[in-house]
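*Asks:* To start, I am sharing the structure in question, which I have written as structure tokens.
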Amino acid sequence: MVHKVSKKLLKIKNQVICFPSVAELEDIGNGFARLAGSPAFSKVVGSIDGCHIRVKPPSVDSQCYTNRKLFPSIQLQAVCDHQGKYMDIFTGYPGSVHDSRVLTNSPIYTRRLYPPQGFYILGDGGYPCLSAPITLITPYKEPVLLATAQRFNRHHAKARSIIERSFGSMKTHWRAIFLKALEVKPTFSPDVIACCTILHNICLSNGDIMEPAEEVLRPDDNVDEPHHHLDQQSGEHIRERLAAAVSAPDGPVAALEDHDYY
């Protein structure tokens, strides 16, 4: 029965989990600007992160599934909008693979599917800061000394953390699946995980919103050095412009703060 229901759900995946239309980008950008507390983030149209789903490892190559926290898992990479609704998912890589390597092997990266030109998505420090092949903006690496960089990181975190809350909400909805090892074979685990993301979006669309429980609202803390590809172009110049915009003296956020500008 589980396999039959999963097949039915997966048939509607592309209807439920999809990228927004051009007309929807402005609303999403305004939503992220509100989350960040700064209009400088009005071109943000997504937040990306990876999530480890606990599984029972297979008898062959079981060590590949052991993540940095020393439990076996399968990775879920997702991009969500300002409301926590998934726009793209990519799941199936074993837990030992770094988030940045999962990204560079996912269709959103290899096919340059999202975001559109002129927009960008946010990611944590486990990803490289990029302008190509996709525009992905990460926070400044700690320790941060400049006040402009510190301020940017604070607003960046406010906007980016929606993906962590989205993961937390999904795990809270289906505690029996996510708060213990999946009771299915690892080869079937990606289907189960994908079905939960589909149901998550359906719940959000119908107003069934569940606040994430405290025990599941913990980021995976990617502190490893991001994996770099030769085709990548740095997005640091974009980050510098955004940081300057966040701290602009005539900006609505900066006007509320009493500080020097650097």
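The values are calculated or read from the model by the stated rules, or taken from the named source; none is laboratory data. Just so we're clear, the structure is a prediction, and the values are computed from it rather than from any experiment. Methodologically, a virtual Cβ is constructed for each residue, glycine included, from the backbone with ideal geometry; neighbour enumeration extends over all protein chains shown.
*Asks:* Which residue is modelled with the highest pLDDT, if the candidates are limited to region 167-214 and must be farther than 20 Å from V55 by Cα and of a type in the set (G, A, S)?
*Replies:* So the residue we want is S205.
*Asks:* Here's something else I'd like to know. Could you tell me whether any residue of region 127-140 is assigned to a helix (DSSP H, G or I), of a type in the set (A, V, I, L, M) and farther than 22 Å from C51 by Cα?
*Replies:* No, the conditions are met nowhere in region 127-140.
*Asks:* Could I ask something else about it? Can R68 be described as surrounded by fewer than 21 Cβ atoms within 10 Å (Cβ to Cβ), over 13 Å from the mean Cα position of the chain (by Cα), farther than 26 Å from I209 by Cβ and at pLDDT 95 or above?
*Replies:* Judged against the criteria, R68 is not a match.
*Asks:* Among residues belonging to region 95-108 that are surrounded by fewer than 22 Cβ atoms within 10 Å (Cβ to Cβ) and touching a helix residue (DSSP H, G or I) at 6+ places or on another chain (Cβ under 9 Å), point out the one that is nearest to L136 (Cα to Cα).
*Replies:* Step by step, filter region 95-108, then rank; the result is T104.
*Asks:* If you don't mind, another one. Can you find, within region 5-63, the residue that is surrounded by the fewest Cβ atoms within 10 Å (Cβ to Cβ) among those that are among the hydroxyl-bearing types (S, T, Y) and under 30 Å from A181 (Cβ atoms)? Break it down into steps so the answer makes sense when it comes.
*Replies:* Let us first name the residues in region 5-63 that are among the hydroxyl-bearing types (S, T, Y), namely 6, 21, 38, 42, 47, 59, 62.
From the residues that got through so far, the ones that are under 30 Å from A181 (Cβ atoms) too are 6, 47, 59, 62.
Details: S6: 17, S47: 27, S59: 5, S62: 13.
Result: S59.
*Asks:* Go through (1) closer than 27 Å to T138 by Cβ; (2) touching a Phe, Trp or Tyr at 6+ places or on another chain (Cβ under 7 Å) for P72 and report which single condition fails.
*Replies:* (1)
*Asks:* If you don't mind, there's one more thing I want to ask. Take D81 and tell me if it is among the acidic types (D, E) and within 26 Å of V184 (Cα to Cα).
*Replies:* Against the criterion (among the acidic types (D, E) and within 26 Å of V184 (Cα to Cα)), D81 does not qualify.
*Asks:* Need the failing condition index for L145 against (1) surrounded by fewer than 16 Cβ atoms within 10 Å (Cβ to Cβ); (2) in contact (Cβ under 8 Å) with a residue 12 or more places away in the chain, just the number.
*Replies:* (2)
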